[in-house]
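Notes for the one structure printed next.
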Amino acid sequence: MSQVHDITDEASFHRYLDNLPSNSLAVLNFHTPWAAPCKQMSSVVSTLADSYPLTSPSLVSFFSINAEELPDISEQYDVAVVPFLVLLRDKKVLETLSGSDAAKVRDAVERHAGKGTVTTAKAEIPPLQKVKAPTAADANGVTETANSQDQLPSQSNPATTGASTADGETSSSEKAALFARLDKLVSAAPVMLFMKGTPSEPRCGFSRQVVSLLRGRGVRYGFFNILADEEVRQGLKEYSDWPTFPQLYVDKELVGGLDIVSCSLSRELAVLASPITLSANGSSCR
């Protein structure tokens, strides 16, 4: 059975591709550790890999790539959302797929590589699971699957309510104070970017790409480094009902992340070109 190669650096990635036969299919699975759909897709890709026997030369090779830790590779293949799959042959892109539709992924791989010949119980494509976005209570920022009622907020389950508990969950008054602070932050500039790192030193590929888009259009914007303030980082997920970063706000309204910003930039931001002044909590940038 084929294995999924975990790519940890650019050099090993290019070395793998250089050594693949020109007729071999390469399946690149771009993911992030905090997104539950990525976990589902990784399971799908692993199952598909199990269905293809090891051959020499290799018929199909599978690769797992952390989109945030390897931003240059992500940008090379225009990765704006995760999970994101790229199918290559002879280093040329044959097809790309976003989302976690297992049937579409299997169909794409089989169209380009043929059906796998290993038939085991493990080779069945796993069904997709329901997921919920992380909230401020998710201290590690990891999105969890929600398959049982005890994971959902309810009066009968104090562990999931907003009441203050011994393990440090946010009380109602603390939450109100945090949201008041977030109200001020999102309105600190006409265009406000909450990102990982700073415009001069982005800490993830998605933040870097949003900064590049804004600069390319000459948009003046404020920014907030969410890595420097865990309270803002976790609170903003619930405040905006948007589980990932970067997040871009225009006139106090959430536009979205990289994928939505890419599509709506000209429509939403074209009129915003005047200088701005931010409070001490943020900075202006162009």
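The values are calculated or read from the model by the stated rules, or taken from the named source; none is laboratory data. Since we're looking at a predicted model, the values are computed, not measured. Side chains included, ligands, DNA and RNA excluded: accessible areas come from the protein's heavy atoms. Shrake-Rupley method; radii C 1.70, N 1.55, O 1.52, S 1.80 Å.
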Margin query: So, for region 20-87, what is the accessible surface per residue at a probe of 1.4 Å, expressed in square angstrom?
Written below: 32 Å²
Item checked: Computed over region 179-222, the ratio Rg/Rh where both radii use C-alpha atoms and Rh is Kirkwood -> 1.01
Check: Expressed as a fraction of 2.2 N^0.38 Å, the rule-of-thumb size for a compact globular protein of N residues, what is the C-alpha radius of gyration of region 63-109?
Finding: 1.13
Note to self: With the cut-off at 28 Å, tell me which of the pairs LYS91/LYS237; LYS196/LYS252; LYS92/LYS237 have Cα atoms farther apart than that.
What the structure shows: LYS91/LYS237; LYS92/LYS237
